[in-house]
1. Given V94, V60, V88, which one is outside the structural domain of A177 (by TED's automatic domain parsing), in contact with a helix residue (DSSP H, G or I) (Cβ under 8 Å, 6 or more places away or on another chain) and either of a type outside the set (S, T, Y) or surrounded by 19 or more Cβ atoms within 10 Å (Cβ to Cβ) (or both)?
2. Being without any contact (Cβ under 8 Å) to a residue 24 or more places away in the chain, farther than 25 Å from R317 by Cβ and not polar (S, T, N, Q) is the requirement here; does E178 meet it?
3. Regarding E39, is this residue acidic (D, E), surrounded by fewer than 16 Cβ atoms within 10 Å (Cβ to Cβ), touching a residue at least 60 places away in the same chain (Cβ under 8 Å) and assigned by TED's automatic domain parsing to the domain that holds L97?
4. Would you check if there is a residue in segment 243-254 being over 31 Å from the mean Cα position of the chain (by Cα), at pLDDT below 90 and β-branched (V, I, T)?
5. Here are the criteria: (1) surrounded by fewer than 16 Cβ atoms within 10 Å (Cβ to Cβ); (2) of a type outside the set (G, A, S); (3) outside any strand (DSSP E or B). Tell me which single one T280 does not satisfy.
6. Which of (1) touching a helix residue (DSSP H, G or I) at 6+ places or on another chain (Cβ under 9 Å); (2) touching a residue at least 12 places away in the same chain (Cβ under 8 Å); (3) under 28 Å from A194 (Cα atoms) is the odd one out, the single condition A112 does not satisfy?
7. Among the numbered criteria (1) touching a residue at least 40 places away in the same chain (Cβ under 8 Å); (2) surrounded by fewer than 16 Cβ atoms within 10 Å (Cβ to Cβ), which one does A124 miss?
8. So, in segment 63-85, how many residues would count as being surrounded by 13 or more Cβ atoms within 10 Å (Cβ to Cβ) and either part of a loop (DSSP other than H, G, I, E, B) or among the aliphatic types (A, V, I, L, M) (or both)?
Amino acid sequence: MTLKTSDLRAALARVTPIIKGRSTLPVLACVKLGNGSIEATSFDEFASASIGGNGNACCVFGDRLTKLLQFARGEESTLELKDNMLTVTCGQSVWKLATMPAGEFPDAPKDAFKRIGVNCADLAECIENVTWAADPDANVIPYAKHLLHIRLTPTEMLAEASNSKVLARCRKAAISAEADITVPSSFSGGLLTALRENGAVLSIGNNYIQVEHEGGSYACKLGEAKYPNIDPQIAAPTEPVGKVYPAITAEALTSCLAIESHAKGAFDRTHIEFGPSSATITFRTTDNHSHIASVPGEFVPLKAEINLRHWLAALKRCDLGTAELGHTSNYFVLKKGNLTVILMKFAERP
């Protein structure tokens, strides 16, 4: 079959991100070509992209096909399967790749999918605003470990993620069928990409979530655990601290990174002191290196220990204009538009 080289590259870019590193099954490092599409899977994720054309199906290592197309200079590429070898011809270049039988490639997930009428672009925005909070390096609550929670109602969509030290929650008005699911946060990249595609349609089954779009489809396994109800834990009334300028505050916090190499494992704890005309951020390492930065603003007097990385990630999601900052005895609450971020406080060190 003969295809536009640019279309083949684009199709590979859609599906190959879900191919993981080393696998005990070589076919999981392959893409399946044939029947007008290209497919990739990790068992837990499945992606397909339309490429058109006809031809016998086969499997070929995805990284090898991707790399050779980087050197392809012709506008069209011809793929020909013969004697278990795939010949790729593009311009004056000819490559031969060993193949595996298409029958060894796992089938696409079959589930009792039910279409959910929801604005997929809005849902993608909500998900993107919160997935960073499921930090895999943090000491997480086991039942919420690396999970993205999505709840859809007839009037609202909600996405949230947490690692027990920070909770990010995004709400938007919506018209949707009801659904309440969890998705491993490691699948959020593929899910986001699919939701942003033209003509994206969301479907939810018993074990998988699926997005079909004009360029193909994506499916991933649902989380096995039900997301905990965190509302009672964050129901305490908040007291205002003041308005923060996320871009300026993030710049001040980023300046602390200059001495990160001296942190020796203590980098997550940073002292912040709010005052009537500014907030002062102080970072000290265990070997007496220190850095002090100041942020202008009118604040209620308050001292606390914070996790610098969590604050940086949260502020980058609120980078335009101002955001409202409040607090309770145990945590800070940062609000900007549809996004609410709960950031735990730490006990002050002497």
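1. Numbers: V94 fails: in contact with a helix residue (DSSP H, G or I) (Cβ under 8 Å, 6 or more places away or on another chain); V60 fails: in contact with a helix residue (DSSP H, G or I) (Cβ under 8 Å, 6 or more places away or on another chain).
Sole residue among the options that is outside the structural domain of A177 (by TED's automatic domain parsing), in contact with a helix residue (DSSP H, G or I) (Cβ under 8 Å, 6 or more places away or on another chain) and either of a type outside the set (S, T, Y) or surrounded by 19 or more Cβ atoms within 10 Å (Cβ to Cβ) (or both): V88.
2. Working: without any contact (Cβ under 8 Å) to a residue 24 or more places away in the chain: no; farther than 25 Å from R317 by Cβ: yes; not polar (S, T, N, Q): yes.
No.
3. Numbers: acidic (D, E): yes; surrounded by fewer than 16 Cβ atoms within 10 Å (Cβ to Cβ): no; touching a residue at least 60 places away in the same chain (Cβ under 8 Å): yes; assigned by TED's automatic domain parsing to the domain that holds L97: yes.
Answer is no for this residue.
4. Initially, segment 243-254 is screened for residues over 31 Å from the mean Cα position of the chain (by Cα), giving none.
No, there is no match, as no residue in segment 243-254 is over 31 Å from the mean Cα position of the chain (by Cα), at pLDDT below 90 and β-branched (V, I, T).
5. T280 satisfies all of (1) surrounded by fewer than 16 Cβ atoms within 10 Å (Cβ to Cβ); (2) of a type outside the set (G, A, S); (3) outside any strand (DSSP E or B) except (3).
6. Here A112 clears every test but (1).
7. (2)
8. Selection size over segment 63-85: 8.
The values are calculated or read from the model by the stated rules, or taken from the named source; none is laboratory data. Here the structure is a predicted model, which is why all the values come from computation and not from measurement. Neighbour counts are summed over all protein chains in view; Cβ atoms, including those assigned to glycine, are modelled from backbone coordinates with ideal geometry.
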